[in-house]
Amino acid sequence: MMARRHDLVGLTVLAMLSVRASHPYELHRFIVDTHKDYVTGLPRSLYHAVDRLAKDELITPAETGREGRRPERTVYEITDEGRQELTVRMRRLLEQPEPDRRTFVAAVSMIGVLAPEAALKALRTRTAALQGSIGGIDAHLATLAENGLPEMLMLELECDRALYGAELDWVRTVIGRIERGELDWSGTVKQSLMEQLLDE
């Protein structure tokens with residue numbers, strides 16, 4: 001299992017290898033070309049993530065080769081255990097709102113690795129959690145107002161409520177688009193995009 005709770009680099013590697021076996025240099029290019037800005041510390045963090053994932057047997061070397069005078073490169077592929085870990089981690093990030101919204105952005109950017117039904121279930125769970133958070137903030141604001149707290153001191157809570165509300169509206173929109181079949185979920189689209197970027 002992945003040691004870090006939010007190993008976004010490792011999660012991204014698993015997601016990309018679930019589409020196509022690749023070597024770390026290809027993964028690095030894909031992360032940069034698709035502007036996955038939540039992945040920081042490149043390229044060092046990527047190579048560390050690959051080492052960790054291989055040690056945990058979530059990915060495995062598929063082949064090693066050399067092109068011309070370039071250094072030898074190892075191509076990795078995801079294991080069955082890696083696919084299970086990816087699914088569990090993705091669902092958790094989609095379902096549970098957290099103060100660090102970067103984790104949700106990361107999960108959304110890779111949502112296609114889940115089956116549409118699993119993605120819908122996770123997003124519906126998130127809407128319920130967001131509604132609960134908004135309700136809790138509203139109750140807190142009401143209590144503070146009753147106690148005479150100046151509005152200036154409640155702006156932070158109001159900001160949180162606005163952000164949760166905007167996220168809730170957006171998640172509901174995405175759920176509707178998935179339900180209506182407006183988002184293409186085929187693996188062919190994912191693989192062709194990855195191949196197009198990597199072959200440029």
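Quick note: the coordinates plus some simple rules give every number you see, no bench work behind them. Quick caveat: nothing in here was measured; it's all calculated off a predicted structure. All Cβ positions, glycine included, derive from the backbone under ideal geometry; neighbour counts span all protein chains shown.
What to note about this one:
- Loop-exposed trypsin sites (Lys or Arg not before Pro) per DSSP, neighbour cap 16 Cβ within 10 angstrom, longest uninterrupted part of the chain: 102-179
- Counting every pair of alpha carbons in the chain, the share spaced more than 23 Å apart comes to 52 percent.
- Based on C-alpha pairs under 8 angstrom that are at least 6 apart in sequence, the range 1-159 has a relative contact order of 22 percent.
- Neighbours of K36 by Cβ distance under 12 Å: Lys/Arg scored +1, Asp/Glu scored -1, total 0.
- Over the range 116-179 - Rg/Rh using Cα atoms and the Kirkwood inverse-distance radius: 1.14
- Simple rule: put +1 on each Lys or Arg Cβ and -1 on each Asp or Glu Cβ in the range 116-179, find the dipole, and look at L144, P116, L157; the Cα lying farthest toward the positive end is P116.
- Helix 44-55 axis versus longest C-alpha principal axis of the chain: approximately 80°, rounded to the nearest ten.
- For the range 116-179, averaging the sequence separation of C-alpha pairs within contact (under 8 Å, six or more residues apart) and dividing by the residue count gives a relative contact order of 56 percent.
- Principal-axis analysis of the Cα atoms of the chain puts helix 187-199 at an angle of about 60° to the longest axis.
- The charge dipole of the chain, taken about the Cα centre with unit charges on the Cβ atoms of Lys, Arg (+1) and Asp, Glu (-1), comes to about 420 debye, rounded to the nearest 20.
- Just checking the listed ones, H28, H140, H48: in the Gaussian network model of the chain with Cα springs under 10 Å, the one fluctuating most is H140.
- Tilt relative to the chain, helix 116-146 - C-alpha long axis, 0 to 90 degrees, to 10: 30
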